[in-house]
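Engineer: Dropping a structure here in structure tokens format, bear with me for questions.
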Amino acid sequence: MGGSSFFEIIILGMIAVFLVLRLRSVLGRRTGHEQERQKPLNGAGDTAKPDGADKVVALPSRAADIGGDAAPGIASGITQIKIADPSFDPRGFVKGAQTAFQMIVNAFAAGDTATLRPLLSDDLYDEFSEAIRKRLAAGETLENRIEAIKSADLVEADIEGRTAFVTIRFVSSQIHVTRDAEGEVIDGEPESTQEVTDLWTFSRNTRVTDPNWSLVKTEVPS
């Protein structure tokens, strides 16, 4: 029995290492995680954009063509970010953001706070984890499956001080169902796909050597 337990620990350890490496390979350069929790926007240390739209915890392809034809405001923001971080690649960022989008939506639905922790800012993680706690306390389960990401477009880029912000608009097809403790559907339709539009803002303090980005705000446009 002792040998078997030791073998299981080794296997679990190998799986954990693989997941960490996978996350870093997907998001480490562009839309990452495991970053130092920097709070550079004001003295109190809020990582989100000030006075922006409310964060939306109830979450729920085509990559954006970011080049010379980008809108002037976006192009200017991208240029500023590149000055602060020459390694910044808009196209690579959008691709990584799509993977981050899927990972975060799936982790939130599964109540997987361990996966969410390195991908979110402190404030957003607190909101997500609180929503998960309330769901578990009520005995409810959430099924949120992304059928397809129809588009992922970089719609805003900005830098405040040395803190970069990039906003991606995702349009996706999802199946969203909430069940009560008895397994009965209390919200959504198990066989019905709905189109969902989300605006997600990622942030990174370019002063630090860690290249990872964190999700700092989610928004459903009106």
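Engineer: Between E160 and residues 5 or more places away or on another chain, which pairs have amide H atoms under 5 Å apart, with H built 1.01 Å from N, and which residues are they?
Structural biologist: Under 5 Å from the amide H of E160 lie the amide H atoms of F165, each far enough along the sequence or on another chain.
Engineer: What FRET efficiency do you get for R117 and S76 if R0 is 41 Å and r is their Cβ-Cβ distance, rounded to the nearest 0.05?
Structural biologist: 0.75
Engineer: Count the net charge of all other residues whose Cβ sits under 10 Å from the Cβ of H176, scoring Lys and Arg as +1 and Asp and Glu as -1.
Structural biologist: -2
Engineer: Sticking with this structure for a sec: Give me, ordered by chain and number, the residues 5 or more places off T206 or on other chains with an amide H under 5 Å from its own placed amide H.
Structural biologist: T163, A164
Rule-based calculations on the coordinates, nothing more; no lab input. Small disclaimer: the values here were computed from a predicted structure and weren't measured. Virtual Cβ from ideal backbone geometry, glycine too; neighbours counted across all protein chains shown.
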